[in-house]
Amino acid sequence: MSRALASRVIGLAESGYLRQAMAVADSDVRKLFHDPVELFTRMVQPALWLVIFGQVLNRSRAIPTGKISYLEFLCPGVLAQSVLFGAIFYGISLIWERDLGIVQKFLVSPAPRSALVLGRAFSSTVRGLCQMTFIYLLAIILRIHVRFEITSLLGVALAVMLGAAIFSTFSLAVACLVKSRERFMGIGQVLTIPLFFASNAIYPIALMPSWLSLLSRANPLCYQVDALRALMIAGGESTFGVAYDFLMLAIAFVIILAIGSKLYPNIVT
């Protein structure tokens, strides 16, 4: 099975599939670094969560978090939240590019639709890694006990990248259905709040009612936070197991990538 997978990956690389995806990603990343204002504004919200909300709840000790403080418990959840909020509105750029005629140019190229969607997912991971760097710096200032082993940092980076890819691709799929910037903004708000609160980002799963606990297990954000908490925080533990977390994130990405690739041409119709 591994040899078949390896040969498939090599075949995709030789056919230019990955090169085409990276070309799309490069285009998006260039736009980000030419105008990084949005990236900086996205950093305000996680700072408020940690500096204000986290400090208050940490003092109150109202939420049991085991061997770690509430501020340490919250830090990975805030990182996942910033990735979610940054990625979920990624689809609005697709609507904007459609109105400018850029999407049509991509669609007439020989690149497979999945390569175009994958390229946009790749570009979203750059934003996620920038947010990860900021959260680590903020954690140091707040004296949160984060781990700096190379394996932990690589694991956190992978979890951040998978989360950004999942939610940005989900956002693109929604944009293909909505096709209006105003309507997309409203739907984006409706989607982010349930995703965030139906997760373990700000409270443990053990405190949830049974129906919400069951719902959270279908939420990719829950597995991202679980992996981040075990890999990022000294003394942090995973509820499901880190390997299982990454498996669920990978499955979610493959599913949403297939859906996004199917819907992508509909953005111009």
_Arg113, sole failed condition from (1) modelled with pLDDT under 85; (2) touching a Gly at 6+ places or on another chain (Cβ under 8 Å); (3) surrounded by fewer than 18 Cβ atoms within 10 Å (Cβ to Cβ)_ = (2)
_Unmet requirement for Ala62, which otherwise passes all of (1) part of a helix (DSSP H, G or I); (2) at pLDDT below 85_ = (1)
*Can you tell which of Phe167, Phe196, Phe184 is in a helix (DSSP H, G or I), out of contact with any Pro (no Cβ under 7 Å at 6 or more places or on another chain), among the aromatic types (Phe, Trp, Tyr) and under 12 Å from Gly77 (Cα atoms)?*
Phe196
*asked:* Tell me whether the range 92-100 contains one or more residues that are touching a Phe, Trp or Tyr at 6+ places or on another chain (Cβ under 7 Å) and not hydroxyl-bearing (Ser, Thr, Tyr).
replied: yes
*Inspect the range 212-235 for any residue being within 17 Å of the chain's Cα centre (by Cα), assigned to a helix (DSSP H, G or I) and basic (Lys, Arg) and give the result as yes or no.*
yes
*From the list Val83, Val24, Val9, Val78, which one is buried (at least 20 other Cβ atoms within 10 Å of the Cβ) and modelled with pLDDT under 85?*
Val24
*Would you check if there is a residue in the range 66-74 being free of Cβ contacts under 8 Å to residues at least 24 places away in the same chain, farther than 14 Å from Val146 by Cβ, out of contact with any helix residue (DSSP H, G or I) (no Cβ under 6 Å at 6 or more places or on another chain) and assigned to a helix (DSSP H, G or I)?*
no
*In the range 125-143, what count of residues is obtained for those that are surrounded by 23 or more Cβ atoms within 10 Å (Cβ to Cβ) and in contact (Cβ under 8 Å) with a residue 60 or more places away in the chain?*
3
_Selected residue (criterion: surrounded by the most Cβ atoms within 10 Å (Cβ to Cβ)) from residues of the range 144-164 that are among the hydrophobic types (A, V, I, L, M, F, W, C) and outside any helix (DSSP H, G or I)_ = Ile144
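Yes or no, residue by residue, for (1) surrounded by fewer than 14 Cβ atoms within 10 Å (Cβ to Cβ); (2) touching a helix residue (DSSP H, G or I) at 6+ places or on another chain (Cβ under 6 Å):
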{"site": "Ala173", "(1), (2)": "no, yes"}
{"site": "Met208", "(1), (2)": "no, no"}
{"site": "Arg229", "(1), (2)": "no, yes"}
{"site": "Val242", "(1), (2)": "no, yes"}
{"site": "Val254", "(1), (2)": "yes, no"}
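The values are calculated or read from the model by the stated rules, or taken from the named source; none is laboratory data. Owing to the predicted nature of the structure, the values given are computational and were not obtained by experimental measurement. Don't worry about glycine lacking a Cβ; one is built from the backbone with ideal geometry, like all the others, and counts go over all protein chains shown.
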